[in-house]
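This report refers to the structure that appears directly beneath it.
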Amino acid sequence: MKNFNLALKILLVVIAVILPLVIKAPYQLHIIILIFIWAIIGTSWNLLGGYTGQVSFGHAAFFGVGAYAAGLLQFHLGVSPWWGMLLGPFAAMVISLPIGLIAFRLRGPYFALAMLALGEIFRLLFINLAFTNGAKGILIMPEITSKMFYYYVGLSALALTIGITYLIVHSKIGFYLVSIREDQDAATSLGIPTTLYKNLALLPSAFFTGLAGALYMNYVAFIDPNIVFNLSNISVMAIMVVMLGGVATTWGPTVGAAIYIILGEVFRTTLGSANVLVFGVLVCLIILFLPNGIVGELDMLRGFLARKKEGAAGGVKI
Amino acid sequence: MSLLEARDITKKFGGLAAVSNLSFNVNKGEILGVIGPNGSGKTTVFNCISRFFPLTSGELYFKDQRIDELPAHKICDIGIGRTFQVVKPLKRMSVEENVMAGAFLRTSSMHKARLKANEIIEFCGLEKYKYREAKSLPIPLRKRLEIARSLATDPELLLLDETCAGLNPKESEEAIALIRKIRDAGMTIIIVEHIMKVMMGISDRILAINFGSMIAFGSPQEVSNHPEVIRAYLGDAYA
Ligand SMILES: Nc1ncnc2c1ncn2[C@@H]1O[C@H](COP(=O)(O)OP(=O)(O)OP(=O)(O)O)[C@@H](O)[C@H]1O
Ligand SMILES: [Mg+2]
């Protein structure tokens with residue numbers, strides 16, 4: 001079973017690396033690049049919302065700040081927006097810090113509400129500020145137009161995000177994050193500084209969402225506040241992607257992103273204006289019948305089968 | 001030597017004094033029993049010691065260090081472990097993972113935390129349930145898990161809140177046997193329990209409270225013969 005899993009992972013990596021050599025069609029590559037971006041956002045959200053239980057309704061704030069960090073470098077200073085891939089994640093962390101330090105001290109829905117407000121505040125702020133070029137947004141002339149290039153950048157960014165998240169989750173920090181999600185009082189009684197650890201989940205979550213934003217700016221080359229700080233298309237979609245794929249699973253957000261983007265595209269091209277409705281209904285059905293998400297349900301099934309075989313309870317993977 | 005000392009601690013909820021002007025101490029290696037009718041403030045005393053509630057007034061000392069201004073998570077770090085009367089298992093984690101979450105206080109190594117957890121799981125007789133999800137455990141095992149998880153943090157003082165409540169006589173006996181075993185390993189314990197016989201048998205000293213105030217403090221013999229205690233439990237006619 002272990003060898004099989006390892007082989008599967010190596011195969012996956014090999015496929016991911018050689019895929020753009022096989023699929024050369026720009027449209028298909030475009031779809032995959034979007035999936036990468038959404039998988040990064042979902043994986044980041046999942047660390048905080050899935051593992052730590054701190055639901056954010058405003059990850060667009062981090063995404064938008066990452067995107068604008070890249071765009072504004074070019075707009076004001078003529079610096080290559082690729083530096084935004086460095087600046088964006090850090091800028092997102094900086095704006096996450098005050099929210100975390102204040103809202104995480106309080107019990108209840110304060111963090112979720114604070115994040116919701118943060119996303120909207122940034123949207124309105126960026127629409128009205130001259131510095132950010134207001135509602136007109138920012139257009140850049142990309143130096144590189146090869147889709148294959150963006151594919152590999154996206155793949156690397158996603159690999160980094162999943163890798164770091166995996167290391168966090170499978171360490172002492174991960175145990176503490178899940179403990180906080182399961183019962184904050186119990187966690188405190190075990191000596192876990194809950195506010196600190198929630199921030200330790202928030203910071204990387206903001207960081208990688210900012211990275212996705214910067215990548216988006218570089219790839220799509222145009223942003224405006226209503227696109228990148230969008231509540232339903234970014235903040236809520238981040239949650240949907242994770243719920244669809246599997247909350248608190250390593251691969252869930254990536255699987256969720258793939259399904260979301262692909263189904264969205266298929267419906268958009270075949271169903272015309274009914275696509276939003278059908279898409280919405282389908283997502284509801286999936287969440288209703290697969291409450292653990294697709295990867296979550298598979299894990300449960302695997303656990304169930306393993307238990308039958310060993311005749312003992314299988315460990316719960318966190 | 002006093003391991004823990006409470007000086008005139010008071011906790012008010014609005015107008016209600018759940019604990020008022022209570023002073024007591026716990027010596028190293030002893031079991032201190034806390035008794036009192038329902039709602040007399042026993043759990044509130046635990047919540048004050050473990051800093052889940054801030055004191056309204058008074059002082060708490062652990063090993064002569066003032067602790068009533070520490071953040072709640074520090075209490076475990078300095079060596080005071082607790083269980084909850086209404087158990088709080090980490091539901092979707094296995095028994096092993098629950099105990100590991102405690103063990104991580106003293107190590108960052110996954111391997112060491114697992115070894116430690118397994119040692120304690122065996123000590124508490126939970127080996128059979130190691131991989132069970134905590135939410136699937138029946139109450140007696142959940143209570144046991146509370147103790148195991150707390151032991152994994154290496155406490156010097158353990159606060160046990162109604163470990164036997166909701167257990168049948170046989171399960172209670174097993175729980176008491178575990179508590180004795182923990183004491184024999186050198187632990188200092190403050191225990192809250194409603195079964196008088198158990199409390200009289202296991203405690204070195206007993207603190208009796210009613211309406212948040214002390215009514216008697218001494219050996220089980222002294223306390224059980226104290227007229228105030230008899231009145232609180234049986235009514236005026238028996239005092
Ligand atoms: N968080 C709280 N807010 C307000 N009042 C509280 C709170 N916790 C406890 N109380 C009140 O304080 C008093 C003491 O409660 P406590 O839980 O300490 O009693 P107890 O001795 O543990 O009772 P039991 O034997 O039923 O567990 C009760 O009147 C209770 O209603
Ligand atoms: Mg109580």
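Observations
- Taking trypsin sites (Lys or Arg not before Pro) in DSSP loop states with no more than 11 other Cβ atoms inside 10 Å as exposed sites, chain A has its longest site-free stretch at A:108-318.
- Full-stretch length increase - A:Leu305, A:Ser156 - with 0.36 nm per residue and alpha-carbon distance subtracted: 50.2 nm
- Relative contact order of chain A: 29 percent, from C-alpha pairs under 8 Å at least 6 residues apart in sequence.
- Under-5 Å amide H pairs with B:Ser57, H placed in peptide plane, nonlocal only: B:Thr10
- With a cut-off of 11 Å between beta carbons, the residues surrounding A:Asn275 carry a summed charge of 0, where Lys and Arg count +1 and Asp and Glu -1.
- If the segment from A:Phe149 to A:Leu113 were pulled out straight at 0.36 nm per residue, it would be longer than the present Cα-Cα gap by 9.1 nm.
- Per residue, region A:27-230 exposes an accessible area of 36 Å² to a 1.4 Å probe, with every protein chain left in place.
- Projecting the alpha carbon convex hull of the protein assembly as shown along each direction and taking the average yields 30.6 nm².
- Length-normalised contact order for region A:101-235 - Cα pairs under 8 Å, 6+ apart - percent: 40
- Förster radius 51 Å - calculated FRET efficiency between B:Gln65 and B:Lys135 (Cβ-Cβ, nearest 0.05): 0.85
- Expressed in Å, the radius of gyration and Dmax of the Cα atoms of region A:27-230 are 17.2, 55.
- Gaussian network model of chain B, Cα within-10 Å springs - most flexible of B:Ser23, B:Ser108, B:Ser224: B:Ser108
- Chains A and B, summed buried accessible surface - 1.4 Å probe, Å², nearest 100: 2200
- Chain B: relative contact order in percent, alpha carbon pairs under 8 Å with at least 6 residues between: 26
- Nonlocal amide H pairs with B:Ser213, under 5 Å, H built at 1.01 Å: B:Ser20
- Whole-number accessible area per residue in Å² for region B:192-235, which is evaluated in the context of all protein chains at 1.4 Å: 49
- Fraction of accessible area attributable to carbon and sulfur, region A:27-230 (%, probe 1.4 Å): 73
- Gap separating the Cα centres of region A:129-173 and region A:41-87, nearest whole Å: 8
- Karplus-derived HN-Hα couplings along region B:186-193 (A = 6.51, B = -1.76, C = 1.60, θ = phi - 60°), whole Hz, x at Gly and Pro: x, 7, 8, 9, 10, 10, 10, 7
- Under-5 Å amide H pairs with A:Gly191, H placed in peptide plane, nonlocal only: B:Cys76
- Comparing chain B with the 2.2 N^0.38 Å rule of thumb, its C-alpha radius of gyration ratio is 1.01 (two decimals).
The values are calculated or read from the model by the stated rules, or taken from the named source; none is laboratory data. Remember, predicted model here, so these are calculated numbers, not experimental data. Glycine gets a Cβ as well: all are built from the backbone with ideal geometry, and neighbour counts include every protein chain shown. Keep in mind that these areas ignore ligands, DNA and RNA; they rest on the heavy atoms of the full protein, side chains included. Shrake-Rupley method; radii C 1.70, N 1.55, O 1.52, S 1.80 Å.
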